[in-house]
Amino acid sequence: MEDRFGHHIRYLRVSLTDRCNERCQYCMPHEEQDWLPRAEILSYEEILRVIRIGADLGISKIRITGGEPLTRRNVLWFFEQLSAVPGIDDIGISTNGTLLARRDKDDRTTARALQETGVRTVNVSLDTLDHKTYAEVTGRDILGEAIAGIDAAREAGFEKIKINTVLMRHRNEHELWDLIEFARERDLLLRFIELMPVSTTEVLTEDNFLSSGEAKKIIEFRLGRLAPRPDVRTNGPSSYYEIPGSGQIIGFIGAMSNLHFCETCNKLRLTCDGKLRPCLGSHLEFDMREILRDPDKTDRDIARFFLHVVERKPEQHEFRENYQPDRKMIAIGG
């Protein structure tokens, strides 16, 4: 699939749930979250149907998100079914990591079980290594569980484990070096991500926002000049650099400061309540659930729906244009 601007769509991010065991300020700012009723959430079978049809249209990469996807019941069964979909050759999960070390009746960690179902990559959100700051940012004092989950993922043998750190002024800019060392010791790919006004516009105030350029300067102050590595590519819009001396690679995702951020976008997003979104930074979303639950609609109708959404994909996001969120990030999918 290709849109009007030459974006080749091969990647679908799928949210399984709007629920989470954490309360991150930039994702779900208030404790009083109105959870979606179960009837409004897509069933596993509905999601798998969407993915199967998407694969026929050229989707080959799936990343499962939430909320926290591992809070949904029978999630391992879903991953087993997903890995059997023809054409899907890259399955990943985005998680806060706190449930990855949980063990089943056979003493198998959730991380190991995911790897055995065919999950290739794991992205773990980790914004700080300080227990107090972690509790303030996430609303939960469970940093130990998150680190245990990361270590369980390493032991499980995934092809790649990425650590995603959201840059927050007055919160974690003094920890950037420690996070780099943490990633180096564990052979993890660390990426620093700029705040985006997805849940609230207040995250972009001078008191909160820390640009990737400024973070880069902070890192270089201690570690030396970072060498650009344009040859290092992942599926997202990261810009990668090599740390002098160690050869360690780190990335920056600058949706706000990188004017070329959207040029290589290759993804769509499916929310847990069945909205297909062509862009995270746009209010455009299209109700696929209605078609999925219409007994008169065929797979061909759903395929046409896919193509219609791709045709509506904007050239770039609207975050720099006084964007006003209409959904919390947790309702869209990480």
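The values are calculated or read from the model by the stated rules, or taken from the named source; none is laboratory data. In this text, all values refer to a predicted model and were calculated from it rather than measured experimentally. Heads up, the Cβs are rebuilt from the backbone with ideal geometry, glycines too, and the neighbour counts pull from every protein chain shown.
Just one of 50, 85 is out of contact with any strand residue (DSSP E or B) (no Cβ under 7 Å at 6 or more places or on another chain), surrounded by 14 or more Cβ atoms within 10 Å (Cβ to Cβ) and outside any strand (DSSP E or B); which is it?
Of 50, 85, the one residue that is out of contact with any strand residue (DSSP E or B) (no Cβ under 7 Å at 6 or more places or on another chain), surrounded by 14 or more Cβ atoms within 10 Å (Cβ to Cβ) and outside any strand (DSSP E or B) is 85.
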**Study point:** Counted residues, region 127-143 - those being touching a helix residue (DSSP H, G or I) at 6+ places or on another chain (Cβ under 6 Å) and either part of a helix (DSSP H, G or I) or touching a residue at least 12 places away in the same chain (Cβ under 8 Å) (or both)
**Key:** 6
Review point. Taking interchain pairs and intrachain pairs at least six residues apart, which have beta carbon atoms under 8 angstrom, with the first residue in region 6-18 and closer than 15 Å to residue 79 by Cβ and assigned to a loop (DSSP other than H, G, I, E, B) and the second β-branched (Val, Ile, Thr) and modelled with pLDDT of 90 or more?
Key: 16/47; 16/64; 16/65; 16/75; 17/41; 17/71
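This table checks each residue for (1) more than 20 Å from the chain's Cα centre (by Cα); (2) modelled with pLDDT of 95 or more; (3) crowded, with 18+ Cβ neighbours inside 10 Å.
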{"position": "183", "(1), (2), (3)": "no, yes, yes"}
{"position": "197", "(1), (2), (3)": "no, no, yes"}
{"position": "215", "(1), (2), (3)": "yes, yes, yes"}
{"position": "221", "(1), (2), (3)": "yes, yes, no"}
{"position": "238", "(1), (2), (3)": "no, no, yes"}
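Name the residue, out of 80, 40, that is surrounded by fewer than 20 Cβ atoms within 10 Å (Cβ to Cβ) and under 23 Å from residue 156 (Cα atoms). Spell out the reasoning first.
Numbers: 40 fails: under 23 Å from residue 156 (Cα atoms).
Going through 80, 40 in turn, the sole match is 80.
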Exercise for review: Would you be able to tell me the number of residues in region 20-51 that are among the basic types (Lys, Arg) and either within 15 Å of the chain's Cα centre (by Cα) or at pLDDT 95 or above (or both)?
Suggested key: 1
Review point. What are the residues in region 144-186 that are assigned to a loop (DSSP other than H, G, I, E, B), under 25 Å from residue 107 (Cβ atoms) and free of Cβ contacts under 8 Å to residues at least 40 places away in the same chain, if any?
Key: 159
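Could you go through region 290-299 and let me know if any residue there is at pLDDT 85 or above, in contact with a helix residue (DSSP H, G or I) (Cβ under 6 Å, 6 or more places away or on another chain) and loosely packed, with under 14 Cβ neighbours inside 10 Å.
Our first condition is that a residue be at pLDDT 85 or above; within region 290-299, this holds for 290-299.
Filter once more, keeping what is in contact with a helix residue (DSSP H, G or I) (Cβ under 6 Å, 6 or more places away or on another chain): 291-292, 297, 299.
Now drop any that are not loosely packed, with under 14 Cβ neighbours inside 10 Å, which leaves 299.
Within region 290-299, one or more residues are at pLDDT 85 or above, in contact with a helix residue (DSSP H, G or I) (Cβ under 6 Å, 6 or more places away or on another chain) and loosely packed, with under 14 Cβ neighbours inside 10 Å.
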**Study point:** Matching entry among 18, 3 (being over 26 Å from residue 264 (Cβ atoms), buried (at least 18 other Cβ atoms within 10 Å of the Cβ) and out of contact with any Pro (no Cβ under 6 Å at 6 or more places or on another chain))
**Key:** 18
Exercise for review: Can you tell me which residue among 187, 231, 178 is touching a helix residue (DSSP H, G or I) at 6+ places or on another chain (Cβ under 8 Å) and surrounded by fewer than 18 Cβ atoms within 10 Å (Cβ to Cβ)?
Suggested key: 187
Check your understanding: Can you name the number of the only condition in (1) among the hydrophobic types (A, V, I, L, M, F, W, C); (2) modelled with pLDDT under 90; (3) in contact with a helix residue (DSSP H, G or I) (Cβ under 9 Å, 6 or more places away or on another chain) that residue 268 fails?
Key -> (2)
